[in-house]
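Here is the structure we will look at, set down as structure tokens.
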Amino acid sequence: MSVPYSGNFSGYTATLLIVSGPLTASVITYRSSLFEYFAKHMTDNAASKSSGTPNQANVSISHVMNETRLFHPTDDFRSKAHVGSIDAYESLYAESISDTEAFWARQANEHLHWFKPFTKTLTWDEPFAKWFEDGTTNASYNCLDANIEAGLGEKVAIHFEGEPGDTRTLTYRDLHREVCRFANGLKKLGIVAGDVVSIYMPMIPELPIAMLACARIGAVHSVIFGGFSAEAIADRNHDAQAKLQITTDGGYRRGKVLKLKETVDEALEKCPTVKHCVVFRRTGSEVAMKPERDVWWHDLIADVSDDCPAAELPAESPLFILYTSGSTGKPKGILHTTAGYNLYAKRTFQWVFDHKADDIFWCTADCGWITGHSYVVYGPMSAGATQIIYEGAPNWPAENRFWDIVEKYKVTALYTAPTAIRAFIKWGDHHVDQHDLSSLRLLGSVGEGINPEAWMWYHHKIGNANCPIVDTWWQTETGGIMMSPLPGAIATKPGSCTKPLPGIVPRILDDSIDHVGVDEGGMLCIEKPWPGMLRGIWRDEKRFKEQYWSKVPGMYLTGDNARCDSDGYFWIMGRIDDVINVSGHRLSTIEVESALVSHPAVAEAAAVGRPDSLKGQAIAVFVTLKDGVAGESLRDELRKHVRKEIGALAQPDDIRFTSSLPKTRSGKIMRRLLRDIAAGKENVGDTTTLEDYSILAKLRSDDES
């Protein structure tokens, strides 16, 4: 049935037509509030325009990309989904925002184990939240013991695939035993609740085992990606005041052995708070062991019990610190606590990936990043999932390694990054065509926004046009996914993260902290507290307040720009400092990049602004090619292509061809460095998270221009 709402607001006539099934009370509440939301936006915009405020192009972000393709879940997928219709989503969402505390209290009681039940759901003293604070629980218990008690002890928790081809399988009972033994080993070394344990390891089962062992006894883990430099480890350990380091003799990456212990030895020379270093033997490489400080993992657990009762921890006990780089300044330690984070990771995993008991889930992220924390460890394991952990690179020994793993283990849900997807496209379809990917029923994207053309390749080539794609938006700070399609309920648009998850209330504001209109870009903020939200920056309360809560009263400032279209779908438009201001028009870098990537010769692109005396900023783009010859003719062709796709305003001024782009080790393009290079600056600031330093020298040269 069709349900129109109409009204006149300061000269604007609005009609919201919603087509659907039966109108439940919760759906009516949801739709009424949605209409009021748009009505308020139109009234606010009309008032600002009539009062003589600056043109909207000066305060909001111009929208120049128009993506109209829409993909509905199949009837078969919808019929089996946990949330199988837009009405079901709207009802769930309406419940979550009409009484948010009651909603999360019900979720916590139903989906977490409590040693002591909570009576207080939320204490909100902006910007500090406490969720379920008078209850006690344990994240390790929720990941392991609760599943064994539910009869899942013999279910496979992890299928491990090492880069050299070695494999291991661990059930939930196996995992429980290993976690308990290592937790008792930590106790032998004097680690107690509240101590910080630093973990620097490759992507092997012992990494989540170490994390869960820390959680079991109340120690706070700080995982550092197993590719960072000694300087980066030392900085993080010093800031966290870590007492223990966990590492391996080495790890495998593209056929080589990474000497992780050597890197740790160098770092620990600058880490006086670290008293012990536990070393797991992965490669068999010879390493130096410092007496009194270093101990082999296998020696530590040789004579310990495999029984270690989980500590009954207050809900707000620190669970982990995860360091993330700011655009400037030193890395900041994002703090997450136990119950709220655990609940949010579990429920978002179940909602977004429509998790089924027989799924084989593969999140390709490393546990050195938040994606690995939330969607390798705490989310899937709390839900009793079976998953894949792969140690190595996607192109070793050949560019078909991912598809070989999907076929071998019959993966049903794949969650990977746009930067990987663009690499697969560049490598060629023939690597995919060698393999049977028919086991896949769901695809996911995480990290940066995915370009529509990369989305379409993922949809057709990997999903055989039959798998919903959950394009997820979230951050280290949010703890879990904030916006994403629920795959059985929400039709998808290439490049859009669609709608907010239950309990999440996004708002888009301009520079004057006013709501923007439909399809106008602005700062993305979150209005209500949610259980998975960060609890602070480790040992830096001032920075926490200033960065996330000082600019927009009462809301969390995400640092991203976004727009919301006429269907209520959200589109991420890049970081706030990635906006290019061309002749008074503020343009999103993602839209320029998406236009470039839609050209058949382009594999990847990054757009930045550089100073321009006439326009304020000029558009500079860095392009990697799938094929074709870099030169003036292709430059002209690409300029014309962007002009045709999204208009003359977005036509690049500079186009530089490069074999690769500077990225973090999690795959995000470091546009900050590209802005400095485009502007001719030599000083490019903090590069501790840069994957390949040689790229900077290549980009500065004219050889590839």
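Side notes on the structure shown:
Quick grid of which residues meet (1) surrounded by fewer than 18 Cβ atoms within 10 Å (Cβ to Cβ); (2) at pLDDT 95 or above; (3) under 16 Å from THR338 (Cα atoms):
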residue	(1), (2), (3)
ALA88	no, yes, no
ALA102	yes, yes, no
GLU110	yes, yes, no
LYS120	yes, yes, yes
TRP124	yes, yes, no
ALA129	no, yes, yes
GLU133	no, yes, yes
THR137	no, yes, yes
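- Among the criteria (1) over 29 Å from LEU335 (Cβ atoms); (2) not in a strand (DSSP E or B), the one ARG610 does not fulfil is (2).
- Test: residue in the range 188-195 that is in the same structural domain as ALA146 (by TED's automatic domain parsing) and assigned to a helix (DSSP H, G or I): yes
Results for (1) hydrophobic (A, V, I, L, M, F, W, C); (2) more than 14 Å from the chain's Cα centre (by Cα), shown as yes or no for each residue.
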| site | (1), (2) |
| --- | --- |
| ASP358 | no, yes |
| GLY368 | no, no |
| SER374 | no, no |
| GLU391 | no, yes |
| PHE402 | yes, yes |
| TYR415 | no, no |
| PHE424 | yes, yes |
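- None of VAL376, VAL470 is crowded, with 18+ Cβ neighbours inside 10 Å, touching a strand residue (DSSP E or B) at 6+ places or on another chain (Cβ under 6 Å) and under 28 Å from GLU90 (Cβ atoms) except VAL470.
- Selection of the range 101-132 for residues being part of a loop (DSSP other than H, G, I, E, B) and of a type in the set (Ser, Thr, Tyr) yields THR119, THR121.
- Taken together, the criteria place ILE360 among residues that are assigned by TED's automatic domain parsing to the domain that holds LEU175, touching a residue at least 12 places away in the same chain (Cβ under 8 Å) and under 15 Å from VAL156 (Cα atoms).
- 1 or more residues of a type outside the set (A, V, I, L, M) and in contact with a Gly (Cβ under 6 Å, 6 or more places away or on another chain): qualifying strands (runs of 3 or more DSSP E) within the range 234-324: 251-253, 318-324
- Odd one out for THR386 among (1) touching a Ser or Thr at 6+ places or on another chain (Cβ under 8 Å); (2) within 18 Å of ARG441 (Cα to Cα); (3) buried (at least 21 other Cβ atoms within 10 Å of the Cβ); (4) of a type outside the set (Gly, Ala, Ser): (1)
- Qualifying residue in the range 244-266 (condition: within 22 Å of THR338 (Cβ to Cβ) and either at pLDDT 95 or above or buried (at least 22 other Cβ atoms within 10 Å of the Cβ) (or both)): yes
- Pick from the range 451-460, criterion out of contact with any Asp or Glu (no Cβ under 6 Å at 6 or more places or on another chain) and touching a residue at least 24 places away in the same chain (Cβ under 8 Å), ranking: nearest to THR364 (Cα to Cα): TYR458
The values are calculated or read from the model by the stated rules, or taken from the named source; none is laboratory data. Please read all numbers here as calculations on a predicted model, not as lab measurements. Cβ: placed from backbone, ideal geometry, glycine included. Neighbour counts: every protein chain shown.
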